[in-house]
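Notes follow the structure.
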Amino acid sequence: MTPQDNWTKTWTFFEDAWHEGNVRMWGPRTHALWLCSAVFDGARYFEGVAPDLDLHCARANDSAKKLYLKPVVSPERWVELAKEGIKKFDGETALYIRPMYWAERESPWIQSHDPESTRWCMSIYEAPMRPPKGFSITLSPFRRPTLETMP
C-alpha cells in the first residue's frame with residue numbers, strides 16, 4: 001500500500017492543469033515545508049451549494065498578503081476554478097475546496113521567504129460532513145494571541 005491509496009477522490013489545479021489524486025508539489029528545499037510559509041482557506045460544497053465561496057477565496061488572498069506572499073490569483077479566478085473542479089465530482093458527495101499559496105524559495109536571509117517565489121494550487125476533495133447533531137460549547141480560558149505576536 002502506498003500513501004496514495006488512502007486518499008478520497010481528489011482533483012487539484014496546479015501549473016495550469018487539473019490533476020487527479022494527491023499531487024506532489026513540494027521538495028525538501030521548499031520554504032513552506034520547513035518554515036511554514038503557506039496559507040489556505042477551506043470552503044465546503046454540500047447539497048448542491050458552496051456557501052460563501054467568494055469570501056473564502058478572497059480570504060485566501062488576504063491571508064497571503066498578511067504573510068508577505070504574493071497573491072497571483074484573483075478571488076474571481078479562484079471561484080471559477082472551484083466551480084470547474086466541483087463538476088469533476090458526482091454532485092452528491094460533500095467536498096472540501098482549498099485554495100492555497102506557499103513560498104517556494106527563501107530570501108537571502110534563509111528564514112524569510114521570497115514573495116516572488118509564491119506558488120499556488122486549488123485542491124478539491126471528497127470530505128463527508130458530520131451528521132448534524134448537537135454539541136456542547138464552553139468559554140475558553142485562553143485568549144487569542146495579541147497583534148504584537150503575529151506577523
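Quick notes on this one:
Residue-wise test of (1) assigned to a helix (DSSP H, G or I); (2) open to solvent by less than 80 Å² (accessible area, probe 1.4 Å); (3) in contact with a helix residue (DSSP H, G or I) (Cβ under 6 Å, 6 or more places away or on another chain).
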{"residue": "CYS57", "(1), (2), (3)": "yes, yes, yes"}
{"residue": "ASP62", "(1), (2), (3)": "yes, yes, no"}
{"residue": "TYR68", "(1), (2), (3)": "no, no, yes"}
{"residue": "LYS83", "(1), (2), (3)": "yes, no, no"}
{"residue": "LYS88", "(1), (2), (3)": "no, yes, no"}
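- Against the conditions (1) closer than 19 Å to ARG119 by Cα; (2) free of Cβ contacts under 8 Å to residues at least 40 places away in the same chain, LYS87 satisfies every one except (1).
- Pairs where the first residue, in the range 5-16, is open to solvent by 20 Å² or more (accessible area, probe 1.4 Å) and the second is part of a loop (DSSP other than H, G, I, E, B), C-beta under 8 Å, 6+ apart: TRP7/GLY21; TRP7/ASN22; THR8/ALA127; LYS9/PHE89; LYS9/THR93; TRP11/LYS88; TRP11/PHE89
- Whichever residue in the range 31-55 is in contact with a helix residue (DSSP H, G or I) (Cβ under 8 Å, 6 or more places away or on another chain) and among the charged types (D, E, K, R) and, among such residues, is farthest from PRO108 (Cα to Cα): ASP54
- Tabulated pairs, the range 63-84, first within 20 Å of ARG44 (Cβ to Cβ), second open to solvent by 80 Å² or more (accessible area, probe 1.4 Å) and assigned to a helix (DSSP H, G or I), C-beta under 6 angstrom, 6+ apart or interchain: VAL79/ASP54
- Looking across the range 28-40, the residues that are surrounded by fewer than 20 Cβ atoms within 10 Å (Cβ to Cβ) and either free of Cβ contacts under 8 Å to residues at least 12 places away in the same chain or part of a loop (DSSP other than H, G, I, E, B) (or both) come down to PRO28, ARG29, LEU33, TRP34, CYS36.
- For beta carbons closer than 7 Å, sequence separation of 6+ or different chains, a first residue in the range 99-113 that is in a loop (DSSP other than H, G, I, E, B) and a second that is surrounded by fewer than 19 Cβ atoms within 10 Å (Cβ to Cβ), the qualifying pairs are GLU104/SER117; ARG105/ASP114; ARG105/SER117; SER107/ASP114; GLN111/LEU35; SER112/GLU106.
- Exclusive hit being surrounded by fewer than 19 Cβ atoms within 10 Å (Cβ to Cβ) and either under 15 Å from the mean Cα position of the chain (by Cα) or over 20 Å from PHE40 (Cβ atoms) (or both), set SER136, SER117, SER123: SER136
- Residue tally, condition at pLDDT below 85 and aromatic (Phe, Trp, Tyr), over the range 104-151: 2
- For PRO51, the conditions (1) out of contact with any Ser or Thr (no Cβ under 7 Å at 6 or more places or on another chain); (2) in a loop (DSSP other than H, G, I, E, B); (3) farther than 30 Å from PRO132 by Cα all hold with the exception of (3).
The values are calculated or read from the model by the stated rules, or taken from the named source; none is laboratory data. All figures in this text were calculated on a predicted structure; none of them were measured in a lab. Using ideal geometry, Cβ is built from the backbone for each residue, glycine included, and neighbour counts are taken over all protein chains shown. Only protein heavy atoms, including side chains, enter the accessible area calculation; ligands, DNA and RNA are left aside. Shrake-Rupley method; radii C 1.70, N 1.55, O 1.52, S 1.80 Å.
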